[in-house]
Amino acid sequence: MHTSFEEIRDGFQALRFDGTALGLIDQRLLPAEERWLRLTDIDGVITAIADLVVRGAPAIGVAAAYGAVIAARSRGNDLAGWQRDMQRLAQARPTAVNLVWAVERMRAVVSESGCLEPERLAAEALAIHRADIAANLAMARAGSEWIEPGSGVLTHCNTGSLATGGIGTALGIVIEGVRAGRVERVYADETRPWLQGSRLTAWELARAGVDFQVIVEGAAAALMASGAVQWVITGADRIAANGDVANKIGTYALAVLARYHGVQMMVAAPSSTLDPAMASGQGIAIEQRDSAEIWRAAGLEAQPPGFAAWNPVFDLTPAELVDCIVTERGVFRPPYDFSQF
Ligand code: MRU
């Protein structure tokens, strides 16, 4: 079973599954180097998710689904061992709900049949991947229609084909908006400390032939004050039932700035990113990563003696600062209620 999806159109396919191995482009090295990793055991998949070889909420979910297939092949009839693998897989990163969601989908297949059937699991993983591709396309169409022709857009982190199974969430909307003649100016936040914007979004936009400019995070207020952007468009790692959004650190700051400057804030995410059981964002676990990421961004190989850093890699944007949330089921406006999704 090979994953090759024509529906992706010109989007890059960053996850490939051949039935036995998961192929991942190593996002830690982009754009300097396009190196593929071939993962054939569950430990490799867990490490790849934890170390950001693959990242972005929907892509993490798809990778986890294929990881469940890989684990089932090596576990044979050892169902308890597979469940332990799934436990570790679900904990590889805490904030993106797509990871737990995908693991639960794979577990449901196993509890239905009562045993490990790799082919059935592979079919489920493929269904998850295909649904994400379709959701991306639906969001790109629905979201781009909300953008007034002639608009400028600022996006944050990376939400394109590297971060999803298909053409992306927020970045899919931006690219569709450019093609539809609605978006005239595209700005990508560099997204410190891991630089998803200046490394990955820039790489994707250049591949797509879209003109863009990278800005440092500190330039966002000045950019908005200049009148060059009308929309901030981001993805999400988890959206609570009340519409609070957990996303890449810096999203909250952009939402506050946007409201002050009369710029609209759009969040795009598939239903797999909604967490109906989470009443508000206050209950969402915010991942803290090694401060080494901050020193690396500063060109330092290690933390200098006496230095210290705080490195939360997500933040919470209150629903009241979000003008619309785009999913594959349509565009939602406040007040949000995703408790029935
Ligand atoms: O730490 P990352 O790179 O996995 O964080 C990714 C983001 O925050 C994205 O903006 C989010 O997952 C939406 S991806 C379509």
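The values are calculated or read from the model by the stated rules, or taken from the named source; none is laboratory data. Only a predicted model underlies this, so the values are computations on that prediction, with no experimental measurement involved. Positions of Cβ are backbone-derived with ideal geometry, glycine not excepted, and every protein chain shown enters the neighbour counts. Quick note on the areas: whole protein, heavy atoms, side chains included, nothing else; ligands and nucleic acids left out. Shrake-Rupley method; radii C 1.70, N 1.55, O 1.52, S 1.80 Å.
Computed quantities for the displayed model
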{"item": "The chain - convex hull of the alpha-carbon atoms, volume per residue in Å³", "result": "131 Å³"}
{"item": "Extension reserve of the residue 130-residue 34 stretch, reckoned as 0.36 nm per residue once the Cα distance is removed", "result": "32.1 nm"}
{"item": "Label-to-label distance, nm, for residues given as residue 80 and residue 184 (7 Å Cα→Cβ offset)", "result": "6.7 nm"}
{"item": "Rough spin-label spacing in nm, given labels placed 7 Å along Cα→Cβ, for residue 216 and residue 337", "result": "4.6 nm"}
{"item": "Against the rule of thumb 2.2 N^0.38 Å, how large the Cα Rg of segment 181-323 comes out", "result": "1.11"}
{"item": "Antiparallel %, DSSP beta bridges [both residues in segment 140-332], to 5", "result": "35 percent"}
{"item": "Rel. contact order, % - alpha carbon contacts under 8 angstrom, at least six apart, the chain", "result": "16 percent"}
{"item": "Accessible surface, segment 140-332, averaged per residue in Å² (probe 1.4 Å)", "result": "37 Å²"}
{"item": "Carbon and sulfur %, accessible surface of segment 7-136 computed with the full protein complex present, 1.4 Å", "result": "50 percent"}
{"item": "Segment 1-145, dipole about Cα centre (Lys/Arg Cβ +1, Asp/Glu Cβ -1), debye to the nearest 20", "result": "240 debye"}
{"item": "Inter-part distance where segment 232-303 and segment 311-341 are each reduced to a Cα centre, Å", "result": "11 Å"}
{"item": "Calculated Rg and Dmax of segment 7-136 using C-alpha coordinates, Å", "result": "13.8, 46"}
{"item": "Per-peptide average of other Cβ atoms within 10 Å, ordering 44-56, 306-318 highest first", "result": "44-56, 306-318"}
